[in-house]
Amino acid sequence: MDIAAFWRDTLEQNRTALHAYFTDDAKIFWHCSNEEFSVDEFKRANCDYPGEWDGTIERIEETDDKIITVVNVYPKDRSASFHVVSFFKLKNGLIERLDEYWADDAEPPEWRKKMSIGKPIR
């Protein structure tokens, strides 16, 4: 499976192309919001989300039937930023299960800043 193409089509909200990446009975889980989607529901959630999106793949790890990605996702106007860690389970080269964990990018909390620990990653 071409994971870079999947992310390109996801970020471009390409409803037609997205279906080709999944098995018919695939399940998608967004754990941070406690939601499970069918492929059609996932396409609606992704493609009907308002705005235009962009992103950068920061990491890809692959085995025979699994792919893990870390992607920085943001609106094209850069008004927000998110990181998503995605675990893809493949069957015959198609996504059978997708587990995703989305997080808002933000400054460290004040209590940790006061501790004067850590430093920026980038």
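State which residue pairs qualify: first residue part of a loop (DSSP other than H, G, I, E, B) and inside the range 32-59, second residue surrounded by 12 or more Cβ atoms within 10 Å (Cβ to Cβ) in any location, beta carbons under 7 Å apart, and separation of 6 or more residues or different chains.
Once the first residue is part of a loop (DSSP other than H, G, I, E, B) and sits in the range 32-59, its partners that are surrounded by 12 or more Cβ atoms within 10 Å (Cβ to Cβ) give 51/75; 52/75.
Going through the range 2-61 one residue at a time, which ones are open to solvent by 90 Å² or more (accessible area, probe 1.4 Å) and at positive phi?
Residue satisfying the conditions is 34 alone.
Being among the charged types (D, E, K, R) and surrounded by 12 or more Cβ atoms within 10 Å (Cβ to Cβ) is the filter here; which residues of the range 62-78 pass it?
62, 65, 66
Kindly establish whether residue 79 is touching a residue at least 40 places away in the same chain (Cβ under 8 Å) and out of contact with any Asp or Glu (no Cβ under 8 Å at 6 or more places or on another chain).
No: the conditions fail for residue 79.
Just checking, which of 11, 18 is in contact with a Gly (Cβ under 7 Å, 6 or more places away or on another chain) and closer than 22 Å to residue 93 by Cα?
That would be 11, the only listed residue that is in contact with a Gly (Cβ under 7 Å, 6 or more places away or on another chain) and closer than 22 Å to residue 93 by Cα.
For the range 99-119, what are the residues that are acidic (Asp, Glu), in contact with a Ser or Thr (Cβ under 9 Å, 6 or more places away or on another chain) and part of a loop (DSSP other than H, G, I, E, B)?
Answer for the range 99-119, where residues must be acidic (Asp, Glu), in contact with a Ser or Thr (Cβ under 9 Å, 6 or more places away or on another chain) and part of a loop (DSSP other than H, G, I, E, B): just 105.
What is the one condition in (1) in contact (Cβ under 8 Å) with a residue 12 or more places away in the chain; (2) surrounded by 11 or more Cβ atoms within 10 Å (Cβ to Cβ) that residue 112 does not satisfy?
Among (1) in contact (Cβ under 8 Å) with a residue 12 or more places away in the chain; (2) surrounded by 11 or more Cβ atoms within 10 Å (Cβ to Cβ), the lone unmet condition for residue 112 is (1).
When you go through (1) open to solvent by 70 Å² or more (accessible area, probe 1.4 Å); (2) more than 20 Å from residue 9 (Cβ to Cβ) one by one for residue 81, which number turns out not to apply?
(1)
Name every residue in the range 67-98 that is of a type in the set (Gly, Ala, Ser) and not in a loop (DSSP other than H, G, I, E, B), in order of residue number.
86
The values are calculated or read from the model by the stated rules, or taken from the named source; none is laboratory data. Predicted model only: the values in this text are computed from it and were never measured. Virtual Cβ from ideal backbone geometry, glycine too; neighbours counted across all protein chains shown. Heavy atoms of the whole protein, side chains included, go into the accessibility calculation; ligands, DNA and RNA do not. Shrake-Rupley method; radii C 1.70, N 1.55, O 1.52, S 1.80 Å.
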